[in-house]
Amino acid sequence: LSIQVCDAALKHGWTALQPRAFRYRGMVATAHNEYSEADAMFARAESLVSKSDTRERSAIQRHWGMMLRRVGRSEASLARLSKAADSYRRENRIGDLAWTCFNLAELHNELFTDHTRALGLLEEAQKLFALQKDTMGLADSWNGIAEVHRTMGNLAHAEAAYQESENLFRRAGVDTSVVPLLNRGLLHLERGQYD
């Protein structure tokens, strides 16, 4: 579908749609672990987006930054995600900013091993998700906080955060609650509590 949208946008000269179409192709390529293709698609999207379309420009930066984190390019990822966050802040796009803070927290926890910064970003994301009444975002944030605590060896804090995440996912009525439940199981394995 993303290729069809791209082809149609190019064929019909729909210039406003072209950057988004190439961004979608980059997102699909990232999901399929085709990182060179994703990089090329995000670069094309960036070259086509108009200066006035700050929302699309920020979305390109965010998704490109997320892909760069997956391939271990920490500095490039940080630059793109930070650029997106700054733009979302200026534009007061609370939901987009919340998810970008969440992505920055993943980067700081996984590649920079800056757990304090990761926790701070997750707490900021939580506040923003709460403003939006975004239960799924809150649940993901709690799971992220638990992951940071587990990485740091704070297993009691991790378990409490996983439990909060699980409760929020259940309240939202989605089966994503299996993620923090599985993570709580991993905690028990780390403690040698096999039963």
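In table form, for the structure just shown:
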item: Residue in the range 145-168 that is nearest to the chain's Cα centre (by Cα), counting only those that are crowded, with 16+ Cβ neighbours inside 10 Å and among the hydroxyl-bearing types (Ser, Thr, Tyr); result: 165
item: Count of residues meeting criterion [assigned to a helix (DSSP H, G or I), in contact (Cβ under 8 Å) with a residue 12 or more places away in the chain and out of contact with any Asp or Glu (no Cβ under 8 Å at 6 or more places or on another chain)] in the range 9-24; result: 5
item: Failed item, numbered, when residue 133 is tested on (1) closer than 23 Å to residue 34 by Cα; (2) open to solvent by 60 Å² or more (accessible area, probe 1.4 Å); result: (1)
item: Matching helices (runs of 4 or more DSSP H) fully within the range 37-154 where at least 3 residues are without any contact (Cβ under 8 Å) to a residue 24 or more places away in the chain, out of contact with any Lys or Arg (no Cβ under 6 Å at 6 or more places or on another chain) and not small (Gly, Ala, Ser); result: 74-91, 115-132
item: In the range 34-77, residue nearest to the chain's Cα centre (by Cα) [restricted to those that are aliphatic (A, V, I, L, M) and open to solvent by 40 Å² or more (accessible area, probe 1.4 Å)]; result: 66
item: Given (1) more than 14 Å from residue 68 (Cβ to Cβ); (2) in contact with a Phe, Trp or Tyr (Cβ under 9 Å, 6 or more places away or on another chain); (3) small (Gly, Ala, Ser), index of the condition residue 50 fails; result: (2)
item: Boolean, residue 8 is out of contact with any Gly (no Cβ under 8 Å at 6 or more places or on another chain), of a type in the set (Gly, Ala, Ser) and open to solvent by 60 Å² or more (accessible area, probe 1.4 Å); result: no
item: Scan of the range 11-33 for residues that are hydroxyl-bearing (Ser, Thr, Tyr) and open to solvent by less than 70 Å² (accessible area, probe 1.4 Å), ordered by number; result: 30
item: Subset of the range 169-195 that is among the charged types (D, E, K, R) and farther than 18 Å from residue 109 by Cβ - its residue that is most open to solvent (accessible area, probe 1.4 Å); result: 195
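The values are calculated or read from the model by the stated rules, or taken from the named source; none is laboratory data. All values derive from a computational prediction rather than experimental measurement. No Cβ is skipped: glycine too gets one built from the backbone with ideal geometry, and neighbour counts run over all protein chains shown. All accessible areas refer to the heavy atoms of the entire protein, side chains included, with ligands and DNA or RNA removed. Shrake-Rupley method; radii C 1.70, N 1.55, O 1.52, S 1.80 Å.
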